[in-house]
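The structure appears right after this line, and notes come after that.
The values are calculated or read from the model by the stated rules, or taken from the named source; none is laboratory data. Just so it is clear, the structure is predicted and the values come from calculations on it, not from any experiment. Neighbour counts are summed over all protein chains in view; Cβ atoms, including those assigned to glycine, are modelled from backbone coordinates with ideal geometry. Remember, those area values only see protein heavy atoms, side chains included, never the ligands or the DNA or RNA. Shrake-Rupley method; radii C 1.70, N 1.55, O 1.52, S 1.80 Å.
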Amino acid sequence: MFEDSLVESSGRIKTKRGLTTFLSFGFQMLLLGVLILIPLIYTEALPKQQLMTFLVAPPPPPPPPPPPPAAPVHVIKVQTEVVNNQLRAPTKIPKEIKMIKEDEAPPPQMAGVAGGVPGGVAGGAMGGVLGGIVNSSLPPPKVAAPQKIRVSSGVVSGMKLSGPNPTYPAIARTARIQGTVVLQATISKQGTITGLHAVSGPPMLYQSAIDAVQQWRYKPYILNGEAVEVETTIQVNFTLNGG
């Protein structure tokens, strides 16, 4: 019977647990909303100092320190007693007078020779000028002329006095060989040819040119009043038309 009562009542008995849970949740939410709205409505209850710290902007940073003052410039005015390169009288009496001691100049050194004047040189002439050679009878020194100089062939061609023309070799004429033979030569102080040898040109014409130039005579080349040897080149032309 008891079991039947329990079974029968299990489906019939209804509890109010769901309604209670909903009401409890609503009450808690209402309480939480009241707690949130009270500070917003009644702001006097909040600490003002804390609110001001949030609302007031932070102070600006302090300005940089000013630069140190510049050192004063002391202008020292130097008074000079020279105006327009002329010494003027002082305008006031100086407080201190400095004594300037100058070193004594060394005695002049008298150079000379026995029986001569101070400052003379050995071998000087009587009545001469100190430090000069005025009215001197000595000739100027002679510059030695070189033993041999190099002269161009154009200059040497104008110094020629005499000499035969070269003979055209028959074998060269038959072979119709022509051209210019260049000879290296030395003209002596007397104007004769020495040290003659061929440098360039047709070899078949060398000997004929050498035989002719060896007989040529030139004016002596004068340098500084003296005849000198001359080293030069001599050109000998061979043409079939001129023979």
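In the stretch 219-228, how many residues are of a type outside the set (Lys, Arg) and closer than 19 Å to Gly163 by Cα? Lay out the reasoning, then the answer.
Kept after step one, since they are of a type outside the set (Lys, Arg), are these residues of the stretch 219-228: 220-228.
From what is left, the residues that are closer than 19 Å to Gly163 by Cα are 220-221.
Qualifying residue count, the stretch 219-228: 2.
Mind listing whichever residues of the stretch 212-236 are open to solvent by 70 Å² or more (accessible area, probe 1.4 Å) and either in contact with a helix residue (DSSP H, G or I) (Cβ under 9 Å, 6 or more places away or on another chain) or charged (D, E, K, R) (or both)?
Arg217, Lys219, Glu226, Gln235, listed by residue number.
Looking at the stretch 185-207, which of its residues are out of contact with any helix residue (DSSP H, G or I) (no Cβ under 8 Å at 6 or more places or on another chain) and under 22 Å from Ala172 (Cβ atoms)? Working first, answer last.
From the stretch 185-207, those out of contact with any helix residue (DSSP H, G or I) (no Cβ under 8 Å at 6 or more places or on another chain) are 186, 188-192, 194-195, 199-200, 203, 206-207; that's our starting set.
Residues satisfying the conditions are Val199, Ser200, Pro203, Tyr206, Gln207.
Would you mind telling me which numbered condition in (1) loosely packed, with under 14 Cβ neighbours inside 10 Å; (2) touching a Lys or Arg at 6+ places or on another chain (Cβ under 9 Å); (3) among the hydroxyl-bearing types (Ser, Thr, Tyr) Thr239 fails?
The one condition Thr239 does not meet is (2).
When you scan the stretch 201-216, do you find a residue that is in a strand (DSSP E or B) and modelled with pLDDT of 90 or more, even just one? Outline the logic, then answer.
Quick first cut of the stretch 201-216, residues in a strand (DSSP E or B) only: none.
No; the residues of the stretch 201-216 include none that is in a strand (DSSP E or B) and modelled with pLDDT of 90 or more.
Could you tell me whether Pro72 is farther than 30 Å from Lys92 by Cβ, part of a loop (DSSP other than H, G, I, E, B) and either modelled with pLDDT of 75 or more or not charged (D, E, K, R) (or both)?
Numbers: farther than 30 Å from Lys92 by Cβ: no; part of a loop (DSSP other than H, G, I, E, B): yes; either modelled with pLDDT of 75 or more or not charged (D, E, K, R) (or both): yes.
No: the conditions fail for Pro72.
If a residue has to be among the hydrophobic types (A, V, I, L, M, F, W, C), in a helix (DSSP H, G or I) and surrounded by 11 or more Cβ atoms within 10 Å (Cβ to Cβ) to count, how many in the stretch 151-174 make the cut?
Within the stretch 151-174, the subset among the hydrophobic types (A, V, I, L, M, F, W, C) is 151, 155-156, 159, 161, 170-172.
Applying the additional criterion that residues be in a helix (DSSP H, G or I) yields 155-156, 170-172.
Narrowing further to those that are surrounded by 11 or more Cβ atoms within 10 Å (Cβ to Cβ): 155-156, 172.
The number of residues fulfilling the criteria is 3.
Does the stretch 179-191 hold any residues that are modelled with pLDDT under 90 and either loosely packed, with under 14 Cβ neighbours inside 10 Å or farther than 30 Å from Ala227 by Cα (or both), and which are they?
Listed by number, the list holds a single entry, Gln190.
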